[in-house]
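The values are calculated or read from the model by the stated rules, or taken from the named source; none is laboratory data. Since the structure is predicted, the reported quantities are computational estimates derived from the model, not experimental observations. Don't worry about glycine lacking a Cβ; one is built from the backbone with ideal geometry, like all the others, and counts go over all protein chains shown. Side chains included, ligands, DNA and RNA excluded: accessible areas come from the protein's heavy atoms. Shrake-Rupley method; radii C 1.70, N 1.55, O 1.52, S 1.80 Å.
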Amino acid sequence: MERILVIGGARALGAAVARRAAKDGYDVVVGARDLAAADALAHEIGAASVRIDLQDESTLAAAAERLKDGVDHIVTTGSAPHDVRVTELDRDKLLTAFTAKVIGPMLVAKHFAPVLRPTGSMVLFSGVVGWRPGPGSLVKGVTNGAVEYAARHLAADLAPVRVNAISPGVVDSGLWDRLGDKKPALLSKSAAKTFVGRHGESEDVVDAVMWLLRAGFVSGETIHVEGGARHTSP
């Protein structure tokens, strides 16, 4: 049975990936900063859990030591948005955003390289904003764009372990629930900016992740799951 570590696996898209992987017969380890949330999901789906905080390298080293008997796949979905205009940038929040998306996954690779089986893979998470510049999305855009290069260069460094990235568009993953009655308008607006005429669902992204785990001849790539949104007018 292949083992998969899902970082950020206690909520939203990470939790959706963990649930599908468990259903598909993988040995799932839910990694999250909130260990109680990771424990709860792990109990629900018959998985293991481990505390992983992408902002704290010591937790990555400890997790790699705990899983030293081998990991086949790592999916990392962490993010820390800092959606402000350039004149409002906060240095600490800027560093936190880059650590969640880029630095953290690189340090995951550092500590798990001796643990990852050679037929395995890593899947990083980018996002459509990296290809659609706009006011107020500077940090999200640059970090998401950097993920593409991180995946490409990590693929060369970790070969034959495969490294790829998923770049979702606007997806109804649960994160937008905080908008309350404004959520339908956001989803409708995003749907209008795609070629397929709808917003994304969690399963669209999960399907792509699960395909990449099995796509043994794909490495160093970014898979766009956004209905063509990056090709349409802002």
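Tabulated results
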item	result
Rounded if a/c under 1.5, otherwise prolate or oblate - region 66-156, Cα gyration tensor axes	prolate
Environment charge at residue 55 (Cβ cut-off 14 Å; Lys +1, Arg +1, Asp -1, Glu -1)	-1
Inter-centroid distance (Cα atoms) of region 72-88 relative to region 106-176, Å	10 Å
Helix runs (DSSP H) in the chain reaching 27 Å along axis by Cα, Kyte-Doolittle at least 0.0	138-158
Descending Cα extents along the principal axes, region 140-221, whole Å	47, 26, 24
Summed side-chain charge close to residue 182 - residues other than residue 182 whose Cβ falls under 14 Å, Lys, Arg +1, Asp, Glu -1	0
Accessible surface of the chain [probe 1.4 Å, protein heavy atoms]: carbon and sulfur percent	55 percent
Distance in nm between pseudo-label sites at residue 43 and residue 188 (7 Å out along the Cβ direction from Cα)	4.1 nm
Separation in nanometres of the label points that stand 7 Å from Cα toward Cβ, at residue 61 and residue 211	4.0 nm
Angstrom value of the Kirkwood radius, inverse mean 1/r, which spans all Cα pairs in region 1-131	15.0 Å
Solvent-accessible area of residue 98 with every protein chain in place, 1.4 Å probe, in Å² to the nearest 10	60 Å²
Heavy-atom accessible area per residue - region 186-234, 1.4 Å, Å²	54 Å²
In Å, descending, principal axis extents of the Cα set of the chain	48, 37, 36
Inter-site label distance for residue 146 and residue 175 at 7 Å from Cα along Cβ, in nm	1.7 nm
Violating pairs (Cα-Cα greater than 21 angstrom) within the set 68/101; 140/189; 101/140	68/101
Stretchable slack from residue 153 to residue 203, in nm (0.36 nm times residue separation minus alpha-carbon distance)	15.2 nm
Relative contact order for the chain, counting Cα pairs under 8 Å that sit 6 or more residues apart, in percent	18 percent
Candidates 76, 87, 194: whichever shows maximal mean-square fluctuation once the chain is modelled as a Gaussian network with Cα springs under 10 Å	87
